[in-house]
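Worksheet: one structure, shown below.
The values are calculated or read from the model by the stated rules, or taken from the named source; none is laboratory data. Because the structure is predicted, anything quoted here is derived from the model rather than measured. Glycine also receives a Cβ, built like all others from the backbone with ideal geometry; neighbour counts cover every protein chain displayed.
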């Protein structure tokens, strides 16, 4: 599409830099948005995208650089300034108030008032209108905690729209959405474009980017590495820019001879989280568990680890039925679970590397309850070196390490328990490509050594590249199992969206 | 908000009513208008202080120094009134609110701007305030002999046959209700306690909110300080000793969650009323006042357990049937 | 990926002098020296060995509670009912004494009742997932109320001979070191060892840092929490034995207000109220700092309530100092 005269940019960032202690998050970054267009912001985790978003929304202040909105220079000292300038964001994690109503969530911080009092009726009216635009199936009076993940996401979108922003930032907006909901979102994006708004679309799903975006800007290691028209570029080009090298090295898949059945799960159920889960796993096998965010995969895995209660069904390890009432039962049975939310469920930020590594296997490092520092250090060194952990010392506080290194330490913690069955829940979420490759390579090694692995992942390339077979889950139920040979992206994604399930498609 | 009002507060209201009826059966004098007015008058302090503490607890904070603030302000006001006998009632009350606010601002500054955890700050100021009472009065007690008529008259006054203290409690409670329910800063308190990260993303200035609630708690403590000293005609270091725990108990019974972000004005007031009824009921049914603490303790525990049960997270609603069931029970 | 190291990782970070000097325990030692110096200057009676050893009577029982409280606070819990548990234990022992039982039976009962009260707290916190601050405010009223109901305004003063030996006695006659102080030091060493060297201690820190991750890592979180509440109940029982033995009587208001003093000792000792950090050494030093400050000031006849002003200020300054230093360094 040739354009004779391009409209002036609605947002211009130049020479944007931001430093944190020990980390150069952004350096001399530039970004231009034009009205009525969708700009895709590309980059690996750790490239600086979320820092950039936080600067645009007034949560961080840049160390240097200029920001112009509609030609006017601006500087934001708080999120309110960003709103006033017409910028809003839909964040990756829902940051909202469970105990308040949908309406209050939408309008918190900018509630309409009349003579100093909050104008409730106007607020409910506006909220209802916004929800109607989004085809939402719930009322503005609903308490947020009663909504499902996708519905909460709609509220986030409504919140962004309620600011009547000229510039809307969407950070991984489709993670929890089914195909139909993604179509709805794209329809809304087209509407916003027609209204002359600009959208900054952050995603690592290339099919979506090529579908919806007009232009792209790429960041790598905190620096600007390029921009251009989407129509003039291919996925391979973009990945090369993002990563600095070509894709093949990321998923090294080995051929492994599979051993005996180590895990048999039969008709597992929980009242609200999952139902009818059955599968078996052999030594050396990698089972991929794929689904949308909120499909119930983590909850099912946590049930295998003694964290979630089971109301029906059985679990057998090495042929013996086991009852799991706590994680220590699971650990004793040889099961290890590397959790999805590293920060909240997996790491102790103030503890050192050594203490983090040995926490799940303390008894093995102590005699009569007294901890042996030498034994701890030996295990930490052994596993840390094997996983190529980069740190100043084995005593260094875990919080000071990068996301990728922290993840390696969490994996080390679980390897120290000598498991037979290793469950990895989104192990490469939020880490840089180098660590990602290391984790994948390591998984291959472990499988070759006879470990049985369950890989929970929302990244299709990862699951298709690493798993021997792929089990798809949707809304708490198993939908279809694909062998490596019969797996195609379209089939898997539609299964995960619930389109071929026995139940009604609309979630 | 409306749904919450339906169950928890209604239940509490019914319990209070049932309690009063039960006592009334044993001693009908309990349910006479005079007696009921007396209960409300006695509880007037607790009503106001409970709402003030609720504001603090909503933001995930706590203020253990309110009773000490009350006592210190009461003493300061009494001493000032003794030194300046011409000081009119309005002047006395303004002084009380002013001094209380300043004391509250000390808490507010340390918590909001220095960043010290509220329990630590208020533990410290609790000790400092109590000690200051001793210092400024030279260890002496002030009694009604030391207080002039302007100072003492107010709690005894009535308007439309209803004691002034009830009117004060009514005005203050209404003002606080307006704040909690209909003002931006009030709704912001729920946000700050419910999800501080999200509150920041919404542009809410958490430090300012915190500074506000501790100053507010101080202001109300100050006003109550004057009313207390004036009503009982006495001021010394130990007045209202331990009262901060009674106030927190009233909040808890009223459904205010210590984790922040949850609480209603009606609940808090009912919680205070509940404790007030118990305190007044015991002498009427010939139960020695020594039972009061035991009963309070049992009630607090029961209330906390019940609250926790009703607040229990439903578990993640992943299965479609589970979500529909939850939505259905919502309507 | 080759198994050889890609990066050079040290076993330990290089030691630094400023890192050492800025440690809380070192600052406390400095503070202790200041307190001793100031008190010696103020009063000639301060450095007298008999006076100093007598001074320990006043804080040794609280110090025992501080040890267990430190563990609780590190695990992100708190127990405000400890003083009330002392009252119940003391009450039980007094009643048994009245019924004619000997010192051995009394001590056993004291410990058992303490543990039982702790178990009540532990059960409420773990079974119902209730916040410990609210539960222990409730049980504080419950236990203290129980003491009030049983005793009213009476006192139990009949204790068998030999019972007071532990609480009043000295361990050696040449150097008059009180039993209670020795017990404190021995237990402090034991607690320090368990907290800093054993798997249990590591798990307590893990729970305090991140209870969710602890649970996910196989730590029996609820079992440990329950155990910590029983432990502090047991320590309260021990404290009750020593205290009752020392003062020879039981009243319902025994140990009134001790819970806040104990929490102050622990926080001043460098234990973070947010959990996950602290040392026993710090708690011991803080006990000495507070104890000697109180003793020194009482020697020059400063009233207790005024001393508590200083304690309050000390607490606030001590907690703000590191925060303010960090902010200045960053700015």
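Do you know which residues across region A:270-284 are closer than 26 Å to residue A:149 by Cα and in a loop (DSSP other than H, G, I, E, B)?
Scanning region A:270-284 gives A:271, A:272, A:273.
Read through the list (1) within 14 Å of chain C (Cβ to nearest Cβ); (2) exposed (fewer than 15 other Cβ atoms within 10 Å of the Cβ); (3) in a helix (DSSP H, G or I), then give the number of the only condition that residue B:174 fails.
Among (1) within 14 Å of chain C (Cβ to nearest Cβ); (2) exposed (fewer than 15 other Cβ atoms within 10 Å of the Cβ); (3) in a helix (DSSP H, G or I), the lone unmet condition for residue B:174 is (1).
How many residues does region A:317-341 hold that are within 9 Å of chain C (Cβ to nearest Cβ) and either surrounded by 19 or more Cβ atoms within 10 Å (Cβ to Cβ) or in contact with a helix residue (DSSP H, G or I) (Cβ under 6 Å, 6 or more places away or on another chain) (or both)?
Total satisfying the criteria: 5.
Would you confirm whether any residue within region A:229-239 is farther than 24 Å from residue A:472 by Cβ, in contact with a strand residue (DSSP E or B) (Cβ under 8 Å, 6 or more places away or on another chain) and buried (at least 20 other Cβ atoms within 10 Å of the Cβ)? Give the steps one after another, and end with the answer.
From region A:229-239, those farther than 24 Å from residue A:472 by Cβ are A:229-234, A:236-239; that's our starting set.
Pick out the ones that are also in contact with a strand residue (DSSP E or B) (Cβ under 8 Å, 6 or more places away or on another chain) and you get A:229-230, A:233, A:238.
Applying the additional criterion that residues be buried (at least 20 other Cβ atoms within 10 Å of the Cβ) yields A:238.
For region A:229-239, residues farther than 24 Å from residue A:472 by Cβ, in contact with a strand residue (DSSP E or B) (Cβ under 8 Å, 6 or more places away or on another chain) and buried (at least 20 other Cβ atoms within 10 Å of the Cβ): present.
Looking for something more than 7 Å from every other protein chain (Cβ to nearest Cβ), closer than 23 Å to residue A:424 by Cβ and either part of a loop (DSSP other than H, G, I, E, B) or in contact (Cβ under 8 Å) with a residue 12 or more places away in the chain (or both) - is there at least one such residue anywhere in region A:391-400?
Checked against the condition, which is being more than 7 Å from every other protein chain (Cβ to nearest Cβ), closer than 23 Å to residue A:424 by Cβ and either part of a loop (DSSP other than H, G, I, E, B) or in contact (Cβ under 8 Å) with a residue 12 or more places away in the chain (or both), region A:391-400 yields at least one hit.
Which is surrounded by 21 or more Cβ atoms within 10 Å (Cβ to Cβ), away from every other protein chain (no Cβ under 13 Å) and touching a residue at least 24 places away in the same chain (Cβ under 8 Å), of C:141, C:90, C:132?
After ruling out the rest, the residue left standing is C:90.
Quick one: which of B:162, B:185, B:119 is surrounded by fewer than 22 Cβ atoms within 10 Å (Cβ to Cβ), within 13 Å of chain C (Cβ to nearest Cβ) and modelled with pLDDT under 95? Walk me through how you get there before you give the answer.
Values: B:162 fails: within 13 Å of chain C (Cβ to nearest Cβ); B:185 fails: within 13 Å of chain C (Cβ to nearest Cβ).
Going through B:162, B:185, B:119 in turn, just one is surrounded by fewer than 22 Cβ atoms within 10 Å (Cβ to Cβ), within 13 Å of chain C (Cβ to nearest Cβ) and modelled with pLDDT under 95: B:119.
Failed condition for residue A:216, given (1) at pLDDT 85 or above; (2) within 14 Å of chain B (Cβ to nearest Cβ), with all others met?
(2) is the only condition that residue A:216 fails.
Please go through (1) more than 30 Å from residue B:257 (Cβ to Cβ); (2) modelled with pLDDT of 90 or more for residue A:97 and return the number of the only condition it doesn't satisfy.
Answer for residue A:97: the failing condition is (1).
What are the residues in region C:1-56 that are touching a strand residue (DSSP E or B) at 6+ places or on another chain (Cβ under 7 Å) and either on the phi > 0 side of the Ramachandran plot or at pLDDT 85 or above (or both), if any?
Our first condition is that a residue be touching a strand residue (DSSP E or B) at 6+ places or on another chain (Cβ under 7 Å); within region C:1-56, this holds for C:9-13, C:53, C:56.
Residue satisfying the conditions is C:56 alone.
Regarding region C:184-194, can at least one residue be identified that is within 14 Å of chain A (Cβ to nearest Cβ), surrounded by 24 or more Cβ atoms within 10 Å (Cβ to Cβ), touching a helix residue (DSSP H, G or I) at 6+ places or on another chain (Cβ under 7 Å) and farther than 27 Å from residue C:304 by Cα?
Scanning region C:184-194 turns up no residue that is within 14 Å of chain A (Cβ to nearest Cβ), surrounded by 24 or more Cβ atoms within 10 Å (Cβ to Cβ), touching a helix residue (DSSP H, G or I) at 6+ places or on another chain (Cβ under 7 Å) and farther than 27 Å from residue C:304 by Cα.
Go through region A:447-467 and give me each residue that's surrounded by fewer than 19 Cβ atoms within 10 Å (Cβ to Cβ) and either modelled with pLDDT of 85 or more or assigned to a helix (DSSP H, G or I) (or both).
Across region A:447-467, the qualifying residues are A:448, A:449, A:450, A:460, A:461, A:465.
Kindly establish whether residue A:119 is within 24 Å of residue A:38 (Cα to Cα) and surrounded by fewer than 18 Cβ atoms within 10 Å (Cβ to Cβ).
Answer is no for this residue.
Is there a residue being more than 23 Å from residue C:10 (Cα to Cα), more than 9 Å from every other protein chain (Cβ to nearest Cβ) and at pLDDT 90 or above anywhere in region A:353-364?
yes
Can you tell me which residue is farthest from residue B:185 (Cα to Cα) among those in region B:249-277 that are assigned to a helix (DSSP H, G or I) and within 12 Å of chain C (Cβ to nearest Cβ)?
Going through the qualifying residues, I end up with B:275.
Restricting region A:170-187 to residues that are under 23 Å from the mean Cα position of the chain (by Cα) and assigned to a helix (DSSP H, G or I), which is modelled with the highest pLDDT? Break it down into steps so the answer makes sense when it comes.
Kept after step one, since they are under 23 Å from the mean Cα position of the chain (by Cα), are these residues of region A:170-187: A:170-186.
Within this subset, residues satisfying the condition of being assigned to a helix (DSSP H, G or I) are A:179-186.
Numbers: A:179: 76, A:180: 78, A:181: 78, A:182: 84, A:183: 86, A:184: 82, A:185: 84, A:186: 90.
Out of the qualifying residues, it is A:186.
For the subset of region C:144-161 comprising residues that are at the interface with chain B (Cβ under 7 Å from one of its Cβ atoms) and without any contact (Cβ under 8 Å) to a residue 60 or more places away in the chain, which member is farthest from the chain's Cα centre (by Cα)?
My answer is C:149.
Please find, within region A:369-388, the residue that is surrounded by the fewest Cβ atoms within 10 Å (Cβ to Cβ) out of those that are in a loop (DSSP other than H, G, I, E, B) and at the interface with another protein chain (Cβ under 7 Å from one of its Cβ atoms).
The initial filter retains those residues of region A:369-388 that are in a loop (DSSP other than H, G, I, E, B), namely A:369, A:372, A:387-388.
Next, from what is left, pick out any that are at the interface with another protein chain (Cβ under 7 Å from one of its Cβ atoms): A:369, A:388.
Values: A:369: 13, A:388: 21.
Within region A:369-388, the match that is surrounded by the fewest Cβ atoms within 10 Å (Cβ to Cβ) is A:369.
Report whether or not residue A:350 is under 25 Å from the mean Cα position of the chain (by Cα) and farther than 18 Å from residue A:270 by Cβ.
Here the answer is yes, as residue A:350 does meet what is asked.
Which one of these is closer than 26 Å to residue A:178 by Cβ, in contact with a strand residue (DSSP E or B) (Cβ under 9 Å, 6 or more places away or on another chain) and in a loop (DSSP other than H, G, I, E, B): A:292, A:324, A:287, A:300?
Going through A:292, A:324, A:287, A:300 in turn, the sole match is A:292.
Across region A:465-494, what is the total count of residues that are within 29 Å of residue A:420 (Cβ to Cβ) and out of contact with any helix residue (DSSP H, G or I) (no Cβ under 7 Å at 6 or more places or on another chain)?
13
One line per residue, one yes/no per condition, for (1) at pLDDT below 90; (2) within 19 Å of residue A:173 (Cα to Cα); (3) in a helix (DSSP H, G or I):
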| site | (1), (2), (3) |
| --- | --- |
| A:60 | yes, no, no |
| A:68 | no, no, no |
| A:110 | yes, no, no |
| A:123 | no, no, yes |
| A:130 | no, yes, yes |
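So, restricting to helices (runs of 4 or more DSSP H) that lie completely within region B:1-112, which ones have at least 3 residues that are within 14 Å of another protein chain (Cβ to nearest Cβ), crowded, with 17+ Cβ neighbours inside 10 Å and in contact (Cβ under 8 Å) with a residue 60 or more places away in the chain?
Values: elements: B:10-26, B:33-58, B:66-83, B:89-108.
In region B:1-112, the matching helices (runs of 4 or more DSSP H) lie at B:33-58, B:66-83, B:89-108.
Of the residues B:140, B:169, only one is out of contact with any strand residue (DSSP E or B) (no Cβ under 8 Å at 6 or more places or on another chain) and assigned to a helix (DSSP H, G or I); which?
So the residue among B:140, B:169 that is out of contact with any strand residue (DSSP E or B) (no Cβ under 8 Å at 6 or more places or on another chain) and assigned to a helix (DSSP H, G or I) is B:169.
Contact list please: Cβ distance under 7 Å, first residue in region A:229-245 and assigned by TED's automatic domain parsing to the domain that holds residue A:31, second residue at pLDDT 75 or above and surrounded by fewer than 11 Cβ atoms within 10 Å (Cβ to Cβ), pairs at least six apart or on different chains.
Partner pairs satisfying both residue conditions: none exist.
I'm trying to understand the selection: among the residues of region B:230-247, which are in contact (Cβ under 8 Å) with a residue 40 or more places away in the chain and under 14 Å from residue B:68 (Cβ atoms)?
Selection gives B:235, B:236, B:237, B:238, B:239, B:240, B:241, B:242, B:243, B:244, B:246, B:247.
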